[in-house]
Every structure is written in structure tokens, then in C-alpha cells.
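What follows is a single structure, written as C-alpha cells, with notes after it.
The values are calculated or read from the model by the stated rules, or taken from the named source; none is laboratory data. Keep in mind that this is a model prediction, so the values were computed, not measured. Ideal geometry is used to build each Cβ from the backbone, glycine not excepted, and the neighbour counts take in all protein chains shown.
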Amino acid sequence: MAPTHVLRCCQRGLSWIPVVFIALVVCWSYYAYVVELCIFTIPSRAEQIFYLIFFHLSFIMFVWSYWKTIFTKPANPSKEFCLPKAEKECYEKEARPESQQEILWRVATSLPLYTRTGTGGIRYCDRCQVIKPDRCHHCSACDTCVLKMDHHCPWVNNCVGFSNYKFFILFLAYSLAYCLFIAATVLQYFIKFWTLCRRKSAENCPKNELDGTHAKFHVLFLFFVAAMFCISILSLFSYHLWLVGKNRSTIEAFRAPVFRSGSDKNGFSLGFRKNIAQVFGDQKKYWLLPVFTSQGDGLTFPTRLVNADAEQAAVTLHQEPNKSTADVPAGPFSDSQNHLLGDEQRGHNMEDSLADGALESGDHTPFGLTAETCTISMDSES
Ligand SMILES: [Zn+2]
Ligand SMILES: [Zn+2]
């Protein structure tokens, strides 16, 4: 076995550590809440049942959305974005970036592209050998181009992008609900335990439901862990809700997408309601379920230009909502839509050097780890 292959296997194995850690914490929290708190500590049968029903509801939704975020494969550009064989050979033979851009411009005439590199060129991934659709970025951790890439999340060991962004938001929402519910219901027992602990004398410590050492330990930690996760998840969840409202990915929040007219951080914003529908779909009954209902195909996105650009409006209208990337059509866009590409720019072939850069944003968890260490490996397009 080649050393590089072994190294890659090791890396792949190690990348699951944060997920295993979260899974262990969740398993322990389940045991501590159900067994130690509800069964051994809470004396009232009615209270037990009430807590267990709501606990299991939030637990199921949390695990379901977490599972979907982890195991939904990131969507990749379709084959229409690959260079045809002849062009690819020409591209590889060309050493000059200007000539390579000429080839890319030629191919791009049949593609629905609205965004550019920082220097106005066609965005191309040398690693995947594909013209990058709008909002698509290369993730060096996954080693692939990911449609509407948001960030690579080590806590789910997956790229968060077009295919699983809704699941990720729901995962944050349900984990917050799970932690809040635990913290709120454990609080009174936590206080009882804390008060009892402060009494030095054993005689003054009456026999009660919190006498068991095991229960004391679990109740204490359950409250601490739930409260601390609440704080870290809340900040991340608020940030992503803000991003959804603006129809911006984390990458775009750090670097505004570049259109023909220049960079525009609100380029994909269609207004609050439509922005929400882009991620959650237009049927409210599915909003809270971790099933795919995002609009579009992940390859093209309506932009603010849609108001000024009749052709894009027509294209947007023809897009069926809630369509998965699996049945993405070839997207035979007319040449005329490429007036956005700007003929005057065709000669101005700029370098499209791809250099992986790491961008990290994080909220610190109680464990001194980052709740969301977003390793965004994206191409530098300046
Ligand atoms: Zn790539
Ligand atoms: Zn990734």
C-alpha cells in the first residue's frame, strides 16, 4: 500500500473524531436525562412522562437532521461544466493564462454563468478540471468542487453546501432546542442538588430524590454541558439565520461574489421571503423537516439582475422548484444570455490562479474547541 494512500486513510479516519465525540456526548446526554434524571430522580409520574415525550421529540429531530447533514453527499458541478475533450486538450497545452481564458470564454458561452473571478475571468477549477458554476467553490478537505459551498464543517465531517444547507440549519435549530429543553428541565434539580451540596452537615441533608451520587454527578454535568452548548450554538444559529435572510453563504459573507458589474455582496438577495424560500422551499409544511426542499438545481441561481435581465427571468421561470441536482438538465442557455459575460472582457483574460486558502471562523465552545471551525478552502480569484 502506497504511503500516500495510508496517509489519506489515516486522515479520513481522524476526520471522524469530532463526529464521534459529538455522538458520545449525545449518547451520554440521553442516558443521563432518561435514566438518571427521569427514571431515578423525578418522583412524579406525570412529570416523567411529560419530560420524556418532549425530550424524545427534540432528540429524534436533532439526530435526524444531524444524520442528514453528515451523510448527504455534497452536490458537484454537472458534466456540462467540464471542458469538451478538444478544448480540454488545448487548455492543457496552453501555458499562458490569457490563452487558457480564451478557451474558457469559448466554452462558457453555452453555460449559465453570472459570476467571475476577481479579475473578470471565468472561474475554473484546475483540480477538478471544471468550470465553476455560480456560488460553487473547491473544498480542499473534500477535494472536490461543491455547489453553493458554504463551508467545510469538521463537526459533521462534511461540506455544507447546496445539497445539505437546509439540514445544517435544522441541525443547529434542533440541537439548540434539545440543549434548551434539557437545561430548562434540569435546572430545578440542579439547584436542589447545588443547595444540598452547600450544606456541610449530613444531618441537614434530607433524604430526597437527589441523594444518589450517580444522579448528582449526571444532573450537574447535564446542566453544565447543555447550557454551554446552548450559548455556542445560539451564536452560530443566529449567524446562519442572518445569512439565510440575506441569501449569502459564509464564503460570500467573507468575500462578495463578483458579477459583470463588479462585486456585489447582495447579488443573490431576492428579498427576505424569497431568500428564505431559496433554502427552505415554498411549502411551509416542509420547513421544519430535514427533507430536501431547497429551490433550484444548485448550478444556477436567480440574482438581483433578474429584474433587469429578461433572459434570466425567463430562465428562472423555467426552473422547477424543489428539483434535485440529480435531474439537472443540460441547461442549454442561449448565447444571448451571455451578454452578461461582456464581450469587451473577452480579450482581457486574467489569471485564474487557484491557490487553496484556509478561512476559519469559529465560536468557542465550552470545551475550548471551536463550535464551528469553518475550514473554507476556496480558490483565490483575484
Ligand atoms: Zn474543484
Ligand atoms: Zn468539504
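Tabulated data
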item: Near pairs, Cβ below 7 angstrom, 6+ apart or cross-chain, from the stretch 96-120 (touching a residue at least 60 places away in the same chain (Cβ under 8 Å) and surrounded by fewer than 17 Cβ atoms within 10 Å (Cβ to Cβ)) to any residue that is assigned to a helix (DSSP H, G or I) and not hydroxyl-bearing (Ser, Thr, Tyr); result: Thr109/Asp335; Thr109/Asn338
item: Residue identified as buried (at least 22 other Cβ atoms within 10 Å of the Cβ) and either assigned to a loop (DSSP other than H, G, I, E, B) or not polar (S, T, N, Q) (or both) among Cys159, Cys128; result: Cys159
item: Among (1) under 25 Å from Cys136 (Cβ atoms); (2) crowded, with 19+ Cβ neighbours inside 10 Å - the single one Ser15 does not satisfy; result: (2)
item: Qualifying position, being at pLDDT 95 or above and outside any helix (DSSP H, G or I), among Lys148, Lys200; result: Lys148
item: Residue among Leu83, Leu104, Leu176 that alone is within 22 Å of Phe280 (Cβ to Cβ) and away from ligand 2 (no atom under 13 Å from the Cβ); result: Leu176
item: Residue match in the stretch 136-143 (condition: assigned to a helix (DSSP H, G or I), in contact with a strand residue (DSSP E or B) (Cβ under 8 Å, 6 or more places away or on another chain), within 22 Å of His240 (Cβ to Cβ) and more than 10 Å from ligand 1 (Cβ to nearest atom)); result: no
item: Any chance Lys68 is in contact (Cβ under 8 Å) with a residue 24 or more places away in the chain and buried (at least 18 other Cβ atoms within 10 Å of the Cβ); result: yes
item: Matching residues, the stretch 1-30, being in contact (Cβ under 8 Å) with a residue 24 or more places away in the chain and of a type in the set (Ser, Thr, Tyr); result: Ser15, Ser29, Tyr30
item: Hey, Phe168 part of a helix (DSSP H, G or I), within 23 Å of the chain's Cα centre (by Cα), within 16 Å of ligand 2 (Cβ to nearest atom) and under 22 Å from Phe237 (Cβ atoms) or not; result: yes
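Residues checked against (1) farther than 24 Å from Gln278 by Cβ; (2) within 16 Å of ligand 2 (Cβ to nearest atom):
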position	(1), (2)
Pro97	yes, no
Tyr114	no, no
Gly120	yes, no
Asp126	yes, no
Ile131	no, no
His137	no, yes
Ala141	yes, yes
His151	no, yes
